[in-house]
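The values are calculated or read from the model by the stated rules, or taken from the named source; none is laboratory data. Every value quoted in this text rests on a predicted model; they were computed, and no experiment measured them. No Cβ is skipped: glycine too gets one built from the backbone with ideal geometry, and neighbour counts run over all protein chains shown. Quick note on the areas: whole protein, heavy atoms, side chains included, nothing else; ligands and nucleic acids left out. Shrake-Rupley method; radii C 1.70, N 1.55, O 1.52, S 1.80 Å.
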Amino acid sequence: MLRIGICDDSADARIALRAALERALDRRSGEASFFEFSSGEGLLRWMENHAGELELVFLDIEMGELDGMETARRLREADEGLGLVFVTGYTDYVFDGYSVGALGYLMKPPKQDQLDGVLNRAAEARLREGDQVFLCRSGETLYRIPKKRILYFASDRRQVSCVSDARTYVFYGKLDDVERDVGDGFIRVHQRYLVRTGAVDRLEGSQIFVGDAAIPVSRACRSAALAALARSALEG
């Protein structure tokens, strides 16, 4: 299920776009959860606590103090893989959209074939980023977390915490499965900890330091951890 944000200071415009998107998704047997915002400031504040929860955001250009283009730039800084689409009544900014990697620039009211094209491009982009993000589900929410922003995973029974530089995501699962899913670039340093090698600051004795966290290194994992860290240092 797609998680789509609609940011427009006009309630009528948000309602119309949501209805058009629902029709487009119905034709392709797709589903989506929608999140509506009346300002760029409101969207950015929400994203501070909900990083990784949206996959696609439709932005009006002309909005209050913070316009859609600046909102898009700040969103792009926080999430390189987030799909961005501009919906506006003006053509003045069409070329600016390319600077933030926009999936489309639609004139109001957007036509159904244009929305179909945007949804197709969004699906293609998700496939391309597959090996660059880690996906996990907590309840009804699917999170997409860029691997390069992950610091480490910690497991406590069946609960796994993914600690990134932006926030901590908690979900149910097994660390063995997480280790398989994230692939290269991560090293198991303990039965309960999986660390991104590029995030390690230093190794002292039986501990690895990642940011402010001191993570234990078990005797069983020490040799493999040292070898992985050495490779990472050489490649870096």
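Structure notes:
- Selection count, the stretch 206-236, where residues are outside any helix (DSSP H, G or I), open to solvent by 40 Å² or more (accessible area, probe 1.4 Å) and either closer than 19 Å to residue 162 by Cβ or not charged (D, E, K, R) (or both): 8
- Of the residues examined, residue 181 is one that is assigned to a helix (DSSP H, G or I), of a type in the set (Asp, Glu) and open to solvent by 80 Å² or more (accessible area, probe 1.4 Å).
- Taking the criterion of being over 16 Å from residue 133 (Cβ atoms) and either open to solvent by 50 Å² or more (accessible area, probe 1.4 Å) or assigned to a helix (DSSP H, G or I) (or both), the residues of the stretch 184-198 that qualify are 191, 192, 197.
- Of all the listed residues (217, 182), the sole one being over 27 Å from residue 144 (Cβ atoms) and touching a residue at least 12 places away in the same chain (Cβ under 8 Å) is 217.
- Residue 203 under 27 Å from residue 129 (Cβ atoms) and either touching a helix residue (DSSP H, G or I) at 6+ places or on another chain (Cβ under 6 Å) or part of a strand (DSSP E or B) (or both): no
- Residue 152 vs. criteria assigned to a strand (DSSP E or B), open to solvent by 30 Å² or more (accessible area, probe 1.4 Å) and modelled with pLDDT of 90 or more: yes
- Taken together, the residues in the stretch 47-64 that are touching a Ser or Thr at 6+ places or on another chain (Cβ under 8 Å) and over 17 Å from residue 139 (Cα atoms) amount to 6.
- Test for residue 171: is it within 18 Å of the chain's Cα centre (by Cα) and not basic (Lys, Arg): yes
- Of all residues making up the stretch 31-66, the number that are out of contact with any helix residue (DSSP H, G or I) (no Cβ under 6 Å at 6 or more places or on another chain), of a type in the set (D, E, K, R) and closer than 20 Å to residue 1 by Cβ: 3
- Selection status of residue 129, open to solvent by 50 Å² or more (accessible area, probe 1.4 Å) and modelled with pLDDT under 85: no
- Subset of the stretch 106-126 [farther than 18 Å from residue 15 by Cα and either open to solvent by 90 Å² or more (accessible area, probe 1.4 Å) or modelled with pLDDT under 85 (or both)]: 113, 121, 123, 124, 125, 126
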